[in-house]
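One structure is given below, encoded as structure tokens.
Laboratory data are not the source of any read-out in this text; all were calculated from the coordinates shown. Here the structure is a predicted model, which is why all the values come from computation and not from measurement. Don't worry about glycine lacking a Cβ; one is built from the backbone with ideal geometry, like all the others, and counts go over all protein chains shown.
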2 protein chains.
Amino acid sequence: MASSSGPDSSRRVTIHDVARSAGVSRQTVSRALNGKDEIERSTKQRVLDAARELGYRPSRFARGLVRQDTTTIGLVIPDLRNPFFTEVAASALESARARGWHVVVYDTADRPEEELGTLQVIGSQVDGVVGYFSCAEDELDRYTRGMPMVLIGREHRMARFSSIRIDGEAGVHAAVAHLVARGHTMIGMLDHDNRAEPSLRREWFTAAALAHGIDPGRVAGAGQSADGGGAGLRALLAAHPEVTAVFTFNDIVAIGALREARRLGRAVPADLAVIGFDGLQLGALMEPPLSSVALDTRRLGALAVEQVGRLLTGADPLPPEDLEVRAELRLAGSA
Amino acid sequence: MASSSGPDSSRRVTIHDVARSAGVSRQTVSRALNGKDEIERSTKQRVLDAARELGYRPSRFARGLVRQDTTTIGLVIPDLRNPFFTEVAASALESARARGWHVVVYDTADRPEEELGTLQVIGSQVDGVVGYFSCAEDELDRYTRGMPMVLIGREHRMARFSSIRIDGEAGVHAAVAHLVARGHTMIGMLDHDNRAEPSLRREWFTAAALAHGIDPGRVAGAGQSADGGGAGLRALLAAHPEVTAVFTFNDIVAIGALREARRLGRAVPADLAVIGFDGLQLGALMEPPLSSVALDTRRLGALAVEQVGRLLTGADPLPPEDLEVRAELRLAGSA
DNA sequence: AACGTTCCCGTGAACGTTCACGGAACGGGT
DNA sequence: ACCCGTTCCGTGAACGTTCACGGGAACGTT
């Protein structure tokens, strides 16, 4: 019913159509639309009207082909509903926007098998990738075909990739030291449960505990959710009833532990001290507020974007020792 | 130092370069890279090797220009760190992925003045837009130039746009009814504070209160954060000490109120009942768990994507009465 | 009257890829 | 010897835009 004067229906409206309709050339249309100079006021208006009338929208592909400016990076996140990844994503978005880059976000729905498929799709759609990946590096390499990529929160073995390392060693040490100073000697940990090898955080905990002459063996696995944390705490206390303080793999688990402790009638921090890992903003909302070995998620995202930018432009990439965010103990009410 | 045999340095590696290097034609290279059929095994391998050697990556623009398949939509969010928007974003991502679409996310950092700039940038980069916008419709229209757009959580006046309406009338009514049934008669509300007109949710509350013969005037403003909710509750109780139950603009504010209540020594729900709005997953982590007039954020995002898809493909768009998400009371411990 | 300026506007070419075609080489059947 | 089918590969053209250039008209200057 609209006054589409063109005879054929489904073809895309191009700059030619607008030009013909306004009685000018392509170039003049381009000038009008892009606010260029060499064009008369009345002509410009006529072109603009014609464009609006025809419902013309420039093709981003054609434009991108000729002007090499727009850069787009892909951000791959296991689960956007997980507050930790949300914070990282938000900060990555922030730095990308500051550079005028576009970010297309992919959520792998926590299924590692989605990673490769995502990578395949992403590969032909973005200039570089930043994100969390759990699969093997050579497998990643096979699917990226030489695309700049920055891994977050993971060690890299191959020179092929950059990665942002998370150094929580000192922070975890400080956490254990703090608990010891408060008189705790029976300190447990809730670790990640569905990963084959023990986590780095577990290793840090073990080292810190040993350094204080504490048995590092009081560990239980926990699913990566609040409910998982609750269940994990029950399991831990069942196996080691003597535990009076607990360090957790991350804040989500800690929050679940906090809630479970209350249900078990153990006051926090009096009967049970809890320290998490990540330093989520969310932790501050808890009662008592969660103590945590906090890392600067803002810096995490920003660093990753910075590095992928360097890889992209060919500038010299940051050396591994700079690609590191240090976690430090942030005390609140829970310990 | 890499064996880049080409003499000139900065030019992009194209399919021609690979073809020349492998001693074949463009088309053969294309076949090898896209896994097409009519190519010999050994030739394919030779091409693949050459491509890898040269660091060739196809141009997404050139490819997109000729194959009209990839569609990308823009998702505009005020603040990704806000759990509510995160949930909506996650669900939008989910539906988009199911359709094989790409989503580029823009965070306007809660500054309405960023909206138009974002829209301008976005306009030439995506096929359609879904998101939250606070500025006037004719202003939006001016910047979108006819791009399909779906507004979330907002009424639309112009026929130009689609929007997903949030119907909380029945849910809020149920919330008030529940409080009344529990014996509450002095029910307050913490409303959005930095918006000119009173919110829709406030209107629903007023109507529901009046329907139960309750004074709807016990209202205080609250900033959109947990701290804002705490401050709001203090203000509300200062002005109306008789209040025994409170309904809040959203869950974030409710959570702040919950925390503040505990600090004030008022037990929840015994001394003070709290009901929020949104139904965030986060609410379940609180102690006591938050009651809320919950809306299905998953459906919210999915609907928006569905509709923008229809606008995009020219299929008949959903009628306004289907573009609606009903909020319903979900009771937990806090009321 | 010839010439230089300024202001508009249009014409080929280029960006890098895929599609639709055509064609060479090879092998096997009659 | 001829034809036909299969397998593999290459050649124009097209996608829709912008860039670099060139050119005409109008106006003023010498």
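As an exercise, identify the GluC sites (Glu not before Pro) in the stretch B:4-91 lying in DSSP coil whose Cβ has no more than 16 other Cβ atoms within 10 Å.
Qualifying residues, ordered by number: B:Glu38, B:Glu40.
Find, among the trypsin sites (Lys or Arg not before Pro) in the stretch B:107-185, those assigned to loop by DSSP (not H, G, I, E, B) with at most 13 other beta-carbon atoms within 10 angstrom.
Filter output for the stretch B:107-185: B:Arg157, B:Arg160, B:Arg182.
Points 7 angstrom from Cα along the Cβ direction at A:Glu203 and A:Arg154: gap in nanometres?
Placing both labels 7 Å along Cα→Cβ, they lie 1.6 nm apart.
Of A:Gly23, A:Thr43, A:Pro58, whose Cα points farthest to the positive end of the dipole of the stretch A:15-66 (charges on the beta-carbon: +1 Lys, Arg; -1 Asp, Glu; origin at the Cα centre)?
Value computed over the given set: A:Pro58.
Quick check: from the Cα gyration tensor, does the stretch B:15-66 come out rounded (a/c under 1.5), prolate or oblate?
Taking the square roots of the gyration eigenvalues as a ≥ b ≥ c, the stretch B:15-66 is oblate.
Compute from the Cα atoms of the stretch A:128-220 the Rg and the Dmax, the latter being the longest Cα-Cα distance, and quote both in angstrom.
17.1, 54
Defining a contact as two alpha carbons under 8 Å apart and six or more residues distant in sequence, what relative contact order in percent does chain B show?
Result for chain B is 16 percent.
How high is the relative contact order of the stretch A:232-329, in percent, counting Cα pairs under 8 Å that sit 6 or more residues apart?
22
Report, please, the projected area of the protein assembly as shown averaged over directions, based on the convex hull of its C-alpha atoms, in nm².
Averaged projected area of the protein assembly as shown's Cα convex hull equals 35.0 nm².
Antiparallel DSSP bridges in the protein assembly as shown: what percent, to the nearest 5?
10
For A:Leu329, which sequence-distant residues (separation of 5 or more, or a different chain) have an amide H within less than 5 Å of its own amide H, given hydrogens modelled in the peptide plane?
Amide H to amide H, under 5 Å and 5 or more residues apart or across chains, A:Leu329 pairs with A:Ala294.
Can you tell me which lysines have their Cα less than 19 Å from the Cα of A:Lys44? Leave out same-chain residues fewer than eight positions away.
A:Lys36
Determine the calculated [θ] at 222 nm for chain B from helices alone, applying -39500 (n - 2.57) to every DSSP H run no shorter than 4 residues and normalising by the residue count; nearest 500 deg cm²/dmol.
-13000 deg cm²/dmol
Of B:Thr144, B:Thr14, B:Thr108, which is the most mobile in a GNM of chain B whose springs link Cα atoms less than 10 angstrom apart?
Of B:Thr144, B:Thr14, B:Thr108, the most mobile in the Gaussian network model is B:Thr14.
Which FRET efficiency, nearest 0.05, do B:Asp215 and B:Gln281 yield, Cβ-Cβ r, R0 45 Å?
The calculated FRET efficiency here is 0.85.
Suppose every Lys and Arg Cβ carries +1 and every Asp and Glu Cβ carries -1, with no other charges. What dipole size does the stretch B:169-294 come out with about its Cα centre, to the nearest 20 debye?
Value, rounded to 20: 260 debye.
What number, in percent, do you get for the relative contact order of the stretch B:169-294 if the mean sequence gap of Cα pairs under 8 Å and at least 6 apart is divided by its residue count?
Normalised by residue count, the contact order of the stretch B:169-294 is 24 percent.
With the Cα gyration tensor of the stretch B:150-203 giving a ≥ b ≥ c as the square roots of its eigenvalues, does the rule (a/c under 1.5 for rounded; else a/b larger than b/c for prolate; else oblate) give rounded, prolate or oblate?
Oblate, because a/c is 1.5 or more while a/b does not exceed b/c.
Dipole of the stretch B:15-66, Cα-centred, from +1 at each Lys and Arg C-beta and -1 at each Asp and Glu C-beta, to the nearest 20 debye?
So the dipole magnitude of the stretch B:15-66 works out to roughly 160 debye.
Near the amide H of A:Ser291, under 5 Å away, which other amide H atoms are found, from residues 5 or more places off or on another chain, if H is placed in the peptide plane?
So A:Ser291 has HN proximity to A:Gly276, A:Ala332, A:Gly333, A:Ser334, A:Ala335.
Name the shape class, rounded, prolate or oblate, that the alpha-carbon gyration tensor gives for the stretch A:169-294, where a ≥ b ≥ c are the square roots of its eigenvalues, rounded holds for a/c under 1.5, and otherwise prolate holds if a/b is larger than b/c and oblate otherwise.
Here the stretch A:169-294 falls in the rounded category.
Treating only the Cβ of Lys, Arg, Asp and Glu as charged (+1, +1, -1, -1), what charge dipole size does the stretch B:58-169 show about its Cα centre? Round to the nearest 20 debye.
640
Are there any GluC sites (Glu not before Pro) in the stretch B:161-261 that are in a DSSP loop and have at most 16 other Cβ atoms within 10 Å? List them by number.
B:Glu242
Provide the FRET efficiency to the nearest 0.05 for the B:Thr43-A:His16 pair, computing r from the beta carbons and using R0 = 35 Å.
With R0 = 35 Å, the Cβ-Cβ based efficiency is 0.35.
Where the centroid of each part is defined by its Cα atoms, how far is the stretch A:190-214 from the stretch A:216-260 in Å?
Rounded to whole Å, the Cα centres lie 13 Å apart.
³J(HN,Hα) across the stretch B:148-162 via Karplus (A = 6.51, B = -1.76, C = 1.60, θ = phi - 60°), whole Hz, x for Gly/Pro?
x, 8, 10, 8, 10, x, 7, 6, 10, 9, 7, 6, 4, 10, 9
Determine by what factor the alpha-carbon radius of gyration of chain B differs from 2.2 N^0.38 Å, reporting the quotient.
1.34
Farthest toward the dipole's positive end in the protein assembly as shown, which of A:Thr118, A:Ala315, A:Val76, given Cβ charges of +1 (Lys, Arg) and -1 (Asp, Glu) about the Cα centre?
Of A:Thr118, A:Ala315, A:Val76, it is A:Ala315.
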